[in-house]
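Each remark here refers to the structure printed beneath this line.
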């Protein structure tokens, strides 16, 4: 039997999505905009992650796409099919959208075995969409083979481990051959090691099957490891959308720089400019940084630089060139694959990250080098 699961091409397009809730006060005029004019798109076969802290609107956006929440305005389409449109008066219920969804809790049926859990969505079909018993069994077994659970088809679902239950929930979503797969923090209930393993497994399955996927998480490492595209959300809005490398290396706002990974945020003022290279004056010293935007001399800015991009060397530097600071090791932390050093520069602390073979003792004098190509300028 073939282990190939057929999925339809599904381009997701969301335009001007708004979803409001009444505040806890219950007053009609006092509402919370959980999703505030969100527009995004996902190309067929790609994985988009909605990333952000609790309450940023990422899960509400996903639930609007699934049909579990009714937006106030906007439009949602998968392929050529409009699922919701406030202007066209379209509002398809969740059971008519044909999308696959994996919840945080997996929602496994405890009284069914593994095969019956997977086949349940097919057995629930009625009318012209109803399949024969043989077709249902074949499609269920095919989905189980894809997630490598076919040898457990007759086992009670409650006897599965956490990782196996997660794969069972994924098989149940894939058996519908959906044009779009929605994953709402599906790894949050797993322990750290299994979670890391399942990241690679989920990404492998998604890429092999070519199913368009929207993934919700607040875990930055998870988003960077799995995504083709990331949309960072805050207060119901998309702060920045792009490839993981662009989001990490070229944040466009202080929120994105601070939320995605670890960074040093250094306040300063633009001193001069040469092309896209700026010299910034800060209380600790001068820095050279790059920005695609247009910033005037004297503009208040924030320089964002990742700890691993800062070079640390022993002793004080004699040069006063931009991007070279003298400091003292204040503390250090061994992380296994790296060592973090906290370096005091006056009353400011810079966090650096080095190879574990490089270690400096506490209170030793060092100098820091900030490569301009790794320093991003953000508006203050």
Practice task
Look at the stretch 340-366 and say how many of its residues are surrounded by 19 or more Cβ atoms within 10 Å (Cβ to Cβ) and farther than 16 Å from residue 265 by Cβ.
Solution key: 3
Problem - Residue that is farthest from residue 294 (Cα to Cα), among those in the stretch 254-278 that are surrounded by fewer than 17 Cβ atoms within 10 Å (Cβ to Cβ) and in contact with a helix residue (DSSP H, G or I) (Cβ under 8 Å, 6 or more places away or on another chain) - result: 262
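Look through 307, 356 and report the one residue that is in contact with a strand residue (DSSP E or B) (Cβ under 9 Å, 6 or more places away or on another chain) and farther than 18 Å from residue 254 by Cβ.
Going through 307, 356 in turn, the sole match is 356.
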Problem - Unmet criterion (only one of (1) touching a residue at least 40 places away in the same chain (Cβ under 8 Å); (2) surrounded by 18 or more Cβ atoms within 10 Å (Cβ to Cβ); (3) touching a strand residue (DSSP E or B) at 6+ places or on another chain (Cβ under 7 Å)) for residue 168 - result: (3)
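Okay, residues lined up against (1) touching a strand residue (DSSP E or B) at 6+ places or on another chain (Cβ under 8 Å); (2) surrounded by fewer than 22 Cβ atoms within 10 Å (Cβ to Cβ); (3) touching a residue at least 40 places away in the same chain (Cβ under 8 Å):
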residue: 176; (1), (2), (3): yes, yes, yes
residue: 193; (1), (2), (3): no, yes, no
residue: 233; (1), (2), (3): yes, no, yes
residue: 243; (1), (2), (3): yes, yes, no
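Matching residues to (1) more than 22 Å from residue 218 (Cβ to Cβ); (2) touching a strand residue (DSSP E or B) at 6+ places or on another chain (Cβ under 6 Å); (3) touching a residue at least 60 places away in the same chain (Cβ under 8 Å):
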{"residue": "50", "(1), (2), (3)": "no, yes, yes"}
{"residue": "79", "(1), (2), (3)": "yes, no, yes"}
{"residue": "84", "(1), (2), (3)": "yes, yes, no"}
{"residue": "88", "(1), (2), (3)": "yes, no, no"}
{"residue": "106", "(1), (2), (3)": "no, no, yes"}
{"residue": "109", "(1), (2), (3)": "yes, no, no"}
{"residue": "134", "(1), (2), (3)": "yes, no, no"}
Exercise for the section: Only residues that are at pLDDT below 75 and exposed (fewer than 11 other Cβ atoms within 10 Å of the Cβ): list them for the stretch 7-32, please. Expected result: 24, 25, 26, 27, 28, 29
Practice task
Would you check if residue 35 is modelled with pLDDT of 95 or more, within 30 Å of residue 138 (Cβ to Cβ) and surrounded by 15 or more Cβ atoms within 10 Å (Cβ to Cβ)?
Solution key: no
Practice task
Give the stretch 52-65 a look and list any residue that's farther than 16 Å from residue 21 by Cα and buried (at least 20 other Cβ atoms within 10 Å of the Cβ), or say none.
Solution key: 52, 65
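The values are calculated or read from the model by the stated rules, or taken from the named source; none is laboratory data. Note that this is a predicted model, so its numbers are computed, not measured. Cβ: placed from backbone, ideal geometry, glycine included. Neighbour counts: every protein chain shown.
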